Amino acid sequence: MSTSYRRILVPIDGSPTATRGLDEAIALCKATGGSIRVLHVMDDLVFVSGFESGATYARDVVPQLRKRSEQLLEAGRKRAEAAGVPADQVLVECFARRTSEIVCEQAIAWRADLIVVGTHGRTGIAHAMLGSVAERVVRRASCPVLTVPFSKKAA
């Protein structure tokens, strides 16, 4: 039985690790004739300091986060398209939800054949403190997940 990964979901966050995941997905799509959906999850709580008013946060902070998220997605989509791979982009704004849950939901909604996610490979206390989006995606996803490890050589 041959599996063809033609619809590949790639969550990105602007990190070199996420870019390595995107590059791996691009290579797979070139081999299979597939397409990529680049996904970014914008967590509205990430930059709350507690010092800004609700109105200031809604008027100033959230629009800047949204603008940066759109730029990140556009750069990812253009990277895929420059390599000859069809791609689209999706921004999901959330409020205090796990990124991994949203990635898995988006994979189901888009009927992804594969999720490709970069992983920092943290262990020990760094893993315990920061958690691992990639690990949670692997555990929850309804389709195969390819994790692409961070490599200082490739960065």
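General observations
- Packing-based ranking, highest mean first, of 136-145, 89-98, 72-81 given that Cβ atoms within 10 Å are counted: 72-81, 136-145, 89-98
- Net length available on complete extension from Glu81 to Arg97 is 2.7 nm, with 0.36 nm assigned per residue and the Cα-Cα distance removed.
Laboratory data are not the source of any read-out in this text; all were calculated from the coordinates shown. Bear in mind the structure is a predicted one, so any value in this text is a computation, not a measurement. Every residue, glycine as well, gets a Cβ built from its backbone with ideal geometry; the counts of neighbours run over all protein chains shown.
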